[in-house]
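Notes to accompany the following structure.
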Amino acid sequence: MKERKTKKFSRTVKHFSNLLHVLLRSPATYIYIAIISLIFAMTVIVYKVETQTGSGIETKFDSFWFMCVAVFAGYFDYVCESLVGRAAAITLLITGTFFFSYIRGKITTVFIDIQEKKDRGLKKLKYMKGHFIICGWRPGFEDILDTVFQSNPDITPDMIVLVNDATEKMPALLSHKDYSGMNFVSGDFTDISVLNRACIQDAKRVLVISDKSHDYSLLEIDSRAVLAVLTIKTVNPALYVVAELLSEKFQSHLKLVHCDEIILTQDYEYSLLATASSGLGYSEVISALISDDADSGLLISNIPKDFYGKVYADLKEYFHAHRKQKGVLVGLLLNSGNFHHRRTEALREAQKNPDINKVIDNLQKVKSLKSNDPIFVPANDFVIPKNSKAIFVRGKAEKQSERKSI
């Protein structure tokens, strides 16, 4: 213990000596010392020559007060009578004017530099916790932000952190009144140092979109998304991550790093075009189901924990009484949320079992589990497992009221 304190003291002394060495080598240090010495000398002169002239300066405090007013405020509280006193007073006034103009300029420069770093996304965020990070940029980015706000009414602009390399496009976006207070971190979102500036350790959710801030090829765009998810999950495994891919080629890679949700944009587009070609109105139905309204379309809600282990028929009966509030129950979302941690815990529990046959059986079951696995219209005797959520379909309130009136 004593040795540890000695080492700590020696490190402190060494740090202080290094700091002192840097200060003594700086020319600015000697300039400041000269200015302070000049102010002190002029204050002493004013006290010596003005105490007998009837100018009002009678004590050391009077001369000190005269110096403070002359240097800091730039005017005279007393009028010096002697020629030497007036010369000293003018010296104090000029010195204070230039010296504190320089100080104010330095302070202003510091604040401007801080603001510029913030606007350019170079400043490390502080005191961020439970925030929502969006990695990447592409044309129509404002529409993505609007949809995020509509689908997540609990999220405010100050809770969102944008991480991308589209530095030239961000100032105009952040100056918009709807995005006031939104945070921006400039840089490559696959770089761990950039993610650390976005406080990735304390974030709640991350959305990685197909980045088109530069002329990346389709292969590069998906590769960067996979690398970003890998980096994020390495830094913060508990983080809920949603990633967008242009092709299903890298889908298996994202599953290996336990990406919680994968959006295959092109596959959805092709499926929508294919179903629309049938002429049966599938596209309108799908558009209504994936409405950007947080209160209509396909909705996912928590299930009361009392229903875990009960059959699906009991849940249907329960939610039928709450149909007006929730909508129509159409299925279950199994293993919802950030599931790979629970899967790891299940593996550990399985390995603790002394029965080797049960260990193998449990390992196989756990490895086969799929996170966020939807099941529509299950049988009435289907047993609801833990970590499940309910899937509802709900129409817009205004449309429902119009139909009732008709």
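The values are calculated or read from the model by the stated rules, or taken from the named source; none is laboratory data. The model shown is predicted, which means the values in this text are computed figures rather than measured ones. Glycine also receives a Cβ, built like all others from the backbone with ideal geometry; neighbour counts cover every protein chain displayed. These area figures cover heavy atoms from the full protein model, side chains too; ligands, DNA and RNA do not enter into them. Shrake-Rupley method; radii C 1.70, N 1.55, O 1.52, S 1.80 Å.
Structure data summary
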{"read-out": "Scan of the stretch 10-46 for residues that are under 39 Å from the mean Cα position of the chain (by Cα) and hydrophobic (A, V, I, L, M, F, W, C), ordered by number", "value": "Val13, Phe16, Leu19, Leu20, Val22, Leu23, Ala28"}
{"read-out": "Within the stretch 180-219, tally of residues that are assigned to a loop (DSSP other than H, G, I, E, B), exposed (fewer than 15 other Cβ atoms within 10 Å of the Cβ) and hydroxyl-bearing (Ser, Thr, Tyr)", "value": "3"}
{"read-out": "Ala41 being within 15 Å of Phe99 (Cα to Cα), open to solvent by less than 80 Å² (accessible area, probe 1.4 Å) and out of contact with any Gly (no Cβ under 6 Å at 6 or more places or on another chain)", "value": "no"}
{"read-out": "Qualifying residue in the stretch 73-88 (condition: open to solvent by 90 Å² or more (accessible area, probe 1.4 Å) and either β-branched (Val, Ile, Thr) or closer than 23 Å to Gly187 by Cβ (or both))", "value": "yes"}
{"read-out": "Index of the failed condition, Lys126 passing every other in (1) in a loop (DSSP other than H, G, I, E, B); (2) within 20 Å of Asp215 (Cβ to Cβ)", "value": "(2)"}
{"read-out": "Tally of residues being without any contact (Cβ under 8 Å) to a residue 40 or more places away in the chain, part of a helix (DSSP H, G or I) and under 24 Å from Ile31 (Cβ atoms) across the stretch 67-101", "value": "15"}
{"read-out": "Count - residues of the stretch 223-253 that are open to solvent by less than 70 Å² (accessible area, probe 1.4 Å), closer than 21 Å to Ser193 by Cα and not in a strand (DSSP E or B)", "value": "14"}
